[in-house]
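The structure appears below as structure tokens.
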Amino acid sequence: MLRRPLLAALASAPVAALAQTGEAPLRVIVPFPPGGSYDVVARMLQAGLAARLRRGVVIENRGGAGGNLGAEAVARAAPDGNTVLLWGDGVLSNAALHQRLSWDPLRDFAPVAMVAVSPVILAARPGSPSLAQLIEAGQREKRGYSFGTAGNGSPGHIAGALLGRLTGVEFQHIPYRGGAPALTDLMGGQIDLASNPLPAVLPFIQGGRLVALAVAGESRMPQIPDVPTVGELLAGFAVNSWYGVLAPARTPAASVTALAEALLATVADPALAAALVGQGFAVRALGPEALGTFMASEAPRWRQMIAQSGAVAE
């Protein structure tokens, strides 16, 4: 769960965001319940985006099927510039994991902008051995570990499964309906580890209730600078979450451009950028063309990671 003061402040955002012109509001569909990292990013962007677009911005949480229901709703929405999806890596990982989705991430969406990234964190209870020690014990004693994630096909799922495949240690995946329940069970001793993006885990690390064993991204994070990366043990290992906005395919270029300019200007605001960092994110701003290129290059990488990890739809 992310910080309560922030969530309380964000709860009042819809009212302010609607105090604009008479134009139809922009619907931002978040394919997960309130309180998760995608929802928080959407609400942190909301007021600035509304001010720059001079129209209302409404956040709509439409969870289910690991994000697939919300993505389907946007893929089928009218391409009129009034509906967008705030998701990220999940559109690529889910497409690689599920064989019969009704939408395709590269065909059915128009890239608008990427706004932030965050790495997956492998977390444990205080007093846990290091990741290297856990792996060594697992290899020596032929023992395994359970790890909880925000759901099947999530970056945390792929990171844990890939770690197990590369080390030969059994990491048993326990999927939850969001990251918060996984962390609750970790603190309660029901599972051994949790594999979730940093924003979900950071408050518990800072509060001393959990410890970070490793960062699954390319580099250490400034919020937890003493925590090593998995890549320091396994060269080239990197699993990140990214946060971006996608519109339905065939949305007019002018609408996409206007949305992208407003989004990129919003995340360029120093106060908002600092707030994102404080929550465990890092700002990464890409426009429509750059995001499209990024997604096209990442799609085969996710297919390869999922195949290598042995992860399957559950």
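Were the residues from S130 through M187 laid out at 0.36 nm apart, the gain over their Cα-Cα distance would be 18.8 nm.
Between 0 and 90 degrees, the angle of helix 131-141 with respect to the longest Cα principal axis of the chain falls at about 50 degrees.
Charge tally around S146: other residues with Cβ under 14 Å, Lys/Arg +1 each, Asp/Glu -1 each, net -1. Percent of Cα-Cα pairs more than 27 Å apart in the chain, please. Looking at the chain, the distances longer than 27 Å represent 39 percent of pairs. Of the two radii for segment 119-232, the radius of gyration is 0.92 times the Kirkwood radius, both from the alpha carbons; that is the Rg over Rh value.
Per-peptide packing, taken as the mean over residues of other Cβ atoms within 10 Å, places 287-294, 175-182 in the sequence 175-182, 287-294 from highest down. Residues whose amide H comes within less than 5 Å of that of R55, counting only those at least five positions distant or on another chain, are T21 (H built at 1.01 Å from N in the peptide plane).
Sorting V30, V117 by the number of Cβ atoms found within 10 Å of their own Cβ, with the fewest placed first, yields V117, V30. Based on DSSP H segments of at least four residues, each scored -39500 (n - 2.57), the chain has a per-residue ellipticity at 222 nm of -13500 deg cm²/dmol.
Throughout, read-outs are computed from the coordinates displayed, never taken from laboratory work. Owing to the predicted nature of the structure, the values given are computational and were not obtained by experimental measurement. Note: ideal-geometry Cβ built from the backbone for every residue, glycine included; neighbour counts use all protein chains shown.
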